[in-house]
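What follows is a short report on a single structure.
The values are calculated or read from the model by the stated rules, or taken from the named source; none is laboratory data. Every value quoted in this text rests on a predicted model; they were computed, and no experiment measured them. We place every Cβ from the backbone using ideal geometry, glycine too, and count neighbours over all the protein chains shown. Please note that ligands, DNA and RNA were not included when accessible areas were found on the heavy atoms of the full protein model with its side chains. Shrake-Rupley method; radii C 1.70, N 1.55, O 1.52, S 1.80 Å.
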Amino acid sequence: MENKMDGRVTRFLDQQGRIKQIPAKMKIRRMIYEYLAGKFAENRIYDEQEVNEIISGWSTTNDYFTIRRGLIESGLLSRNPSGSEYRKLKPEA
């Protein structure tokens, strides 16, 4: 994702690289979600609290619920049916 960073993405980040606003345009929102998904390790199981902490650490919006749902709906994170385990999904080729 780093090589795709341009003004469309960086304008939604603060100087520390934290998300300060979720874009309205879906294409740019997807790019923001991909940027945030890059903060999760592959081959690791996260619980909900850990996911929320990572999102909160990389966002100033205080809306980890909406961002977490966006990561899942975008196919970047998966969640088991009980919501107790989350995993980063590998990007589609």
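Peptides 64-77, 17-30, ordered by how many other C-beta atoms sit within 10 Å of their residues on average, highest first, read 64-77, 17-30.
So who's got an amide H within less than 5 Å of the one on LEU13, skipping anything under 5 residues away but keeping other chains? H placed 1.01 Å off N, in plane. Counting only residues 5 or more places away or on other chains, the set is LYS20.
Here the ratio of the Cα radius of gyration of the chain to 2.2 N^0.38 Å is 1.02. Rolling a 1.4 angstrom probe over the protein heavy atoms with all chains in place gives region 9-93 an accessible area of 62 Å² per residue. Its DSSP H runs of at least 4 residues, each contributing -39,500 (n - 2.57), put the calculated 222 nm mean residue ellipticity of the chain at -11000 deg cm²/dmol, to the nearest 500.
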